[in-house]
Amino acid sequence: MEILRLNQISPDQVILFQWGFVHVSATLAYTWLIMGILLAFALLVGRRSTPDVKITRWQNLLEVVVGGIREQIHEISQEDPDHYMAFIGTLFLFIGLSNLLLIVPGYVAPTASLTTTAALAVTVFLAVPIYGISRNRMGYFREYFQPTFIFFPFHVMGELTRTLALAIRLFGNIMSHDKVIAILLAVTPLFFPVVMHALGLLIGMVQAYIFSILAMVYIASATQAHEEKQHTGKP
Amino acid sequence: MDSLTVVAFASIITAGVTMALGAIGPALGEGMAAKHAVSAIAQQPDEKNTITRTLFVSLAMIESIAIYCFVISMILIFANPFWDHFAVLAKGG
């Protein structure tokens, strides 16, 4: 916890290393760490995975996580989850792991910085039209002019504000947890911060869940709104 | 009072008021959402998964309003741009 002082609002301000004009902030370093952990885990376990009945415990963990994500995606989109698995699963695993590692001393979650969460929200903002156009072709753009063309600016505004809300929500939750822990450590040092840390694990997982569920809901609304109308429109 | 004192005074009080007023609405909203979700689960226990997922998503939506207020008050206390501006002015002048 000492790595991020109380009056620093973002881990971007913590410079860990510096070579010339290259500054490696805590956000960057810990983002790489999480990417490394996820990649190493996937490579090590995925390479040794077998379709056998007897599996290693790591493969069991991988199957539980992947199966859970696939099930959630299927419940929302009502279609083959493989199409969305790469994007939604990556979002969930990255945010979830970065929030879970909060209990490690000296670690600052990269999601406690507005730059990381804004980047994640921008990927969702871009993924919605990509999935929508790949599914509905020009029908995706027609959605912007429903019910009349007057609603076009409101649709655009809605897309922008929900991207902003996605970024601020994740950033605010994780950053506020960091600050609450730091303040509690100064006030009641021994027992109470531990309880808050346990609560922080729950908050972190719920936020990762919410972020990926909302991304899935936005994508599903872009890909499916047009299809339903086509089905009902046909005699 | 010089301008630095006024900025500190206004920022601290506004941060407290922002948090106090901004927590009322989301608290009422979350309470109502949870109440209706619980009664819905009591009526239809089979639909528990769907209701719980919708509840979580809507709770996050409601809570983000309180989080906006929190971010504003955090910025006012820890990263106040007006404070920096007037601190530079006071040092220079």
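The values are calculated or read from the model by the stated rules, or taken from the named source; none is laboratory data. Worth saying up front: this structure is predicted, and the values here are computed from it rather than measured. Cβ: placed from backbone, ideal geometry, glycine included. Neighbour counts: every protein chain shown. Remember, those area values only see protein heavy atoms, side chains included, never the ligands or the DNA or RNA. Shrake-Rupley method; radii C 1.70, N 1.55, O 1.52, S 1.80 Å.
Let me know the Rg and Dmax you get for region B:8-93 when you use only its Cα atoms, in Å.
Reported Rg and Dmax, both Å: 19.9, 70.
At a 1.4 Å probe radius, which order do A:ARG169, A:ARG142 fall into by accessible area, largest first? Show your work: numbers first, answer last.
Values: A:ARG169 10, A:ARG142 125 Å².
Sorted descending by solvent-accessible area, the residues read A:ARG142, A:ARG169.
Take the alpha-carbon centre of region B:48-93, take the same for region A:145-166, and report the distance between them in whole Å.
Value for the Cα centre distance between the two parts: 23 Å.
Check A:SER25: other-chain or 5+ apart residues with amide H under 5 Å from its amide H, H built from backbone geometry?
A:LEU16
Helix-only estimate, please: 222 nm mean residue ellipticity of chain A, summing -39500 (n - 2.57) across DSSP H runs of length 4 or more and dividing by its residues, to the nearest 500. Mind showing how you got there, number by number?
Numbers: 7 runs with 167 residues, N = 235.
One gets -25000 deg cm²/dmol as the mean residue ellipticity at 222 nm.
List the residues whose amide H sits under 5 Å from the amide H of A:SER49, counting only those 5 or more places along or on another chain, with H placed 1.01 Å from N in the peptide plane.
Under 5 Å from the amide H of A:SER49 lies no amide H from a residue far enough along the sequence or on another chain.
Give me the mean projected area, in nm² to one decimal, of the convex hull enclosing the Cα positions of region A:1-145.
Details: hull surface 52.5 nm².
For the Cα atoms of region A:1-145, the hull's average projected area reads 13.1 nm².
How many nm separate the modelled label positions at B:ALA40 and A:ILE103, each set 7 Å beyond the Cα in the direction of the Cβ?
So the label points at B:ALA40 and A:ILE103 sit 3.2 nm apart.
Rg and Dmax of the protein assembly as shown, Cα atoms, in Å?
Rg, Dmax (Cα atoms, Å): 22.7, 78.
Just which residues of region B:33-70 lose 10 Å² or more accessible area with every protein chain there, against their chain alone, with the probe set to 1.4 Å?
The answer is B:ASN49, B:ARG53, B:PHE56, B:VAL57, B:ALA60, B:MET61, B:GLU63, B:SER64, B:ILE67, B:TYR68, B:PHE70 - residues whose exposure falls by at least 10 Å² when every protein chain is included.
Whenever you get a sec, compute what percent of the accessible area on the protein assembly as shown sits on carbon and sulfur atoms (1.4 Å probe). Before the final figure, lay out each step's value.
On the way: 13950 of 19170 Å².
Carbon and sulfur: 73 percent of the exposed surface of the protein assembly as shown.
For chain A, which span is the longest to avoid every loop-located (per DSSP) member of chymotrypsin sites (Phe, Trp or Tyr not before Pro) having at most 12 other Cβ atoms inside 10 Å?
Numbers: sites that count: A:PHE21, A:PHE191.
Counting at most 12 other Cβ atoms within 10 Å as exposed, the longest clean stretch of chain A is A:22-190.
So for region B:4-58, Kirkwood radius off the Cα pairs, Stokes-Einstein at 20 °C and 1.002 mPa s: how many µm² s⁻¹? Don't jump to the answer; show the numbers that get you there.
Working: Rh = 13.7 Å.
Rounded, D is 156 µm²/s.
Which of the three applies to region A:71-206, rounded, prolate or oblate, going by the alpha-carbon gyration tensor with a ≥ b ≥ c and a/c under 1.5 meaning rounded? Provide the component values of the computation, followed by the final result.
Details: a/c = 3.28, a/b = 2.07, b/c = 1.58.
Prolate shape, in that a/c is at least 1.5 and a/b is the bigger ratio.
Using only protein heavy atoms and a 1.4 Å probe, report how much of B:ASP84 is accessible, in Å² to the nearest 10.
90 Å²
To the nearest 0.05, how large is the calculated FRET efficiency for A:ARG47 and A:THR148 if R₀ is 51 Å and r is the Cβ-Cβ distance?
Values: r = 55 Å, r/R0 = 1.08.
Taking R0 as 51 Å, the efficiency between A:ARG47 and A:THR148 is 0.40.
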